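These notes are about the structure you will find just below.
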Amino acid sequence: MVKVIKAGKSKEEVVANDTKVSEIVSAALKDVESRGDQAVRELSEKFDKWTPKSFRLSESEIKEIVAQVPDSVIEDIKFAQTNIKAFAEAQLASLHDVEVEDIPGVILGHKNIPVNSVGCYIPGGRYPMVASAHMSVMTAKVAGVKRVIACTPPINGEIPKATIAAMYLAGADEIYLLGGIQAMGAMAIGTETIESVDMIVGPGNAFVAEAKRQLYGRVGIDLFAGPTETLVVADHTADAEMIAIDLLGQGEHGPTSPGALITTSEELAHETIKEIARQLETLPTADVASVSWEDYGQIVVVDSIEEARIEADRLAFEHVEILTENPDYFLENMTNYGCLFLGPETNVAYGDKVIGTNHTLPTKGAARYTGGLWVGKFIKTVTYQKITTPEASAYIGEYAARLCLLENFEGHARQAQLRVDRYGKK
């Protein structure tokens with residue numbers, strides 16, 4: 001039996017907010033398409049109070065900025081990038097071209113080809129998402145993408161130096177100080193000074209996420225990444241202090257970031273509520289985390305671990321942290337999640353920043369049908385066929401002609417029949 005101890009906002013309320021965002025984004029993208037650089041400049045002034053002579057940083061400007069970043073920060077960035085690159089390279093090694101000849105003379109295959117150009121968005125604002133540079137730029141480069149450009153917004157009129165350093169060290173070919181809808185539109189649509197790309201990736205706020213949704217089709221995207229979601233699944237072996245900080249630590253992302261607890265212990269559920277209230281008294285980001293918890297926090301009590309797994313799969317959250325006696329049960333049986341964090345020794349922050357897995361993950365139930373950003377997202381698996389003998393062509397052609405006529409495709413059938421007549425036995 002499922003018992004709801006705390007519920008978040010209804011789906012109807014969430015949809016109403018999404019509609020407002022959609023209208024703003026649609027108008028901005030149309031403006032970028034019709035007026036190019038001028039629209040981008042005006043939007044940047046409106047949203048970021050930022051109108052430099054050029055949004056693109058020159059090589060000398062980049063090097064000057066990187067030189068101002070403390071050595072300790074550079075070393076930390078390099079440590080994270082080493083881990084992320086190693087995991088991305090391991091993922092790449094798992095992808096193989098295929099070629100088979102199941103019928104003599106008929107060769108079928110597929111090739112893995114990187115997309116040619118990618119635009120990466122690295123969020124700024126209150127939280128300069130340095131790690132997003134590693135996750136997107138470096139992963140694209142490992143995949144073999146030839147041109148990788150990256151955009152990040154200024155923060156209160158200042159250049160986010162550590163973020164620029166991370167973009168540069170990750171291998172970005174072009175770096176732009178440009179944020180929000182205008183950055184997404186410029187990368188996808190193109191302007192007089194920014195050449196469009198084939199694909200845009202990276203996390204962002206609700207406006208960035210909606211821009212990706214509206215631009216999808218014109219360009220490829222990694223996935224629809226909305227507000228951060230965190231689910232903790234816990235049993236009697238877990239403690240309220242850890243659950244509370246792991247939920248609030250992600251709730252600080254933004255006021256619409258859902259956090260949820262599914263537990264087999266009603267006592268632990270109530271202890272967690274008290275512990276969250278206690279920690280909010282001292283958490284520096286409580287102004288944001290308290291709102292996300294109040295509006296989007298959920299606590300559900302279940303009778304068994306199996307029921308917990310069913311409820312967790314139903315939610316299909318982005319981050320799922322398992323604090324149970326046997327965490328591997330969820331690794332073996334759970335199917336809907338962006339990334340799993342198994343056991344108390346790990347946590348979502350490790351995955352967000354440094355451990356090596358990618359932090360751009362599916363939200364809003366998208367984990368039901370997709371995983372997160374990885375090397376494979378930047379690679380097209382394309383097929384080819386080759387028939388090496390006339391006999392094989394005629395053999396396949398006989399079947400093809402009949403099957404085409406079965407569907408009333410006369411022209412298709414004639415393509416096949418021509419080969420039968422030309423290459424068949426005389």
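Annotations for the structure displayed:
- Near pairs, Cβ below 8 angstrom, 6+ apart or cross-chain, from segment 58-72 (closer than 14 Å to Ala166 by Cα and modelled with pLDDT of 95 or more) to any residue that is open to solvent by less than 30 Å² (accessible area, probe 1.4 Å) and not small (Gly, Ala, Ser): Ile62/Ile164; Ile62/Ile175; Ile65/Leu57; Ile65/Ile164; Val66/Ile74; Val66/Ile164
Matching residues to (1) more than 18 Å from Arg56 (Cβ to Cβ); (2) out of contact with any strand residue (DSSP E or B) (no Cβ under 7 Å at 6 or more places or on another chain):
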{"residue": "Val130", "(1), (2)": "yes, yes"}
{"residue": "Thr139", "(1), (2)": "yes, yes"}
{"residue": "Glu158", "(1), (2)": "no, yes"}
{"residue": "Thr163", "(1), (2)": "no, no"}
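- For segment 337-389, a residue qualifies if it is closer than 30 Å to Glu210 by Cβ, of a type in the set (S, T, N, Q), open to solvent by less than 80 Å² (accessible area, probe 1.4 Å) and more than 15 Å from the chain's Cα centre (by Cα), and exactly one does: Asn347.
- The one condition in (1) modelled with pLDDT of 95 or more; (2) open to solvent by less than 10 Å² (accessible area, probe 1.4 Å) that Glu174 fails to fulfil: (2)
- Among the residues of segment 91-118, those identified as part of a strand (DSSP E or B), surrounded by 15 or more Cβ atoms within 10 Å (Cβ to Cβ) and not hydrophobic (A, V, I, L, M, F, W, C) are His110, Asn112, Pro114, Ser117.
- Answer from Ala225, Ala238 - the residue that is aliphatic (A, V, I, L, M) and under 25 Å from Met138 (Cβ atoms): Ala225
- Hey, Ala88 within 30 Å of Lys353 (Cβ to Cβ) and open to solvent by less than 40 Å² (accessible area, probe 1.4 Å) or not: yes
- Which numbered condition Thr82 fails, given (1) open to solvent by 70 Å² or more (accessible area, probe 1.4 Å); (2) within 17 Å of Ile164 (Cα to Cα): (2)
- Just one of the listed residues (Ala277, Ala289) is of a type outside the set (S, T, N, Q), in contact with a strand residue (DSSP E or B) (Cβ under 9 Å, 6 or more places away or on another chain) and in a helix (DSSP H, G or I), namely Ala289.
- Test: Glu75 is part of a helix (DSSP H, G or I) and over 27 Å from Leu373 (Cα atoms): no
- Selection within segment 119-150 - in a loop (DSSP other than H, G, I, E, B), of a type outside the set (Val, Ile, Thr) and at negative phi: Pro123, Gly124, Arg126, Tyr127, Pro128, Met129, Lys146
The values are calculated or read from the model by the stated rules, or taken from the named source; none is laboratory data. Worth saying up front: this structure is predicted, and the values here are computed from it rather than measured. As a convention, Cβ positions derive from the backbone with ideal geometry for all residues, glycine included, and neighbour counts pool all protein chains shown. All accessible areas refer to the heavy atoms of the entire protein, side chains included, with ligands and DNA or RNA removed. Shrake-Rupley method; radii C 1.70, N 1.55, O 1.52, S 1.80 Å.
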